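For reference, the structure discussed in these notes is given below.
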Amino acid sequence: MRTTPATPAEADAWITVLRRYGHLHRAEPGPDGTWTVQRTPASTPRTLHHPVLALDFVAEVLHDVRRTKAQTPR
């Protein structure tokens, strides 16, 4: 459980890393600290209006990545 609120800088950093590693098809920062993100070319774009929403989205992506990785035979 978090003891400090999510910050815009933290959300920016996580979304940048996910995009850099290819886990996001699209991630565009908005003028007022929002992000528009899209997981795949076929998925619906989502606008994240607050750092807490962004970190919830990041957690969802990381959960999916870890689950997919665990299911992949080595």
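Can you find, among PRO51, ALA70, ALA9, the residue sitting farthest towards the positive end of the charge dipole of the stretch 8-71, where Lys and Arg contribute +1 and Asp and Glu -1 at Cβ?
ALA70
Could you calculate the FRET efficiency of GLN71 with ASP32 from 1/(1 + (r/R0)^6), where r is the beta carbon distance between them and R0 is 35 Å, rounded to 0.05?
E(calc), rounded to 0.05, equals 0.35.
Where Lys and Arg each count +1 and Asp and Glu each count -1, what net charge lies around ARG26 among other residues with Cβ under 14 Å from its Cβ?
+3
With +1 on each Lys and Arg Cβ and -1 on each Asp and Glu Cβ, how big is the dipole of the chain about its Cα centre, in debye rounded to the nearest 20?
Computed charge dipole of the chain: roughly 460 debye.
If I fit a long axis through the Cα atoms of helix 8-20 and take the longest principal axis of the Cα atoms of the chain, what angle between them do I get, 0 to 90°, rounded to 10?
Relative to the chain, helix 8-20 is tipped by roughly 30 degrees.
Compute the helix-to-body angle for 51-71: its Cα long axis versus the longest principal axis of the chain, expressed 0 to 90° and rounded to tens.
Taking the Cα atoms of the chain, the angle to 51-71 is about 10 degrees.
For THR4 and HIS25 in one chain, what is 0.36 nm times their gap in residues minus the Cα-Cα distance, to one decimal in nm?
Contour length minus Cα-Cα distance gives 4.6 nm.
Using 0.36 nm per residue of separation minus the Cα-Cα distance, give me the extension gain between SER43 and ALA13 in nm, one decimal.
8.6 nm
Which of rounded, prolate, oblate describes the chain, given a ≥ b ≥ c as roots of the alpha-carbon gyration tensor eigenvalues and a/c under 1.5 marking rounded, otherwise prolate only if a/b is larger than b/c?
Cα axes put the chain in the oblate bin.
Where a number appears in this text, it was derived from the coordinates with a stated rule and is not lab data. All values reported here derive from a predicted model rather than from experimental measurement. Positions of Cβ are backbone-derived with ideal geometry, glycine not excepted, and every protein chain shown enters the neighbour counts.
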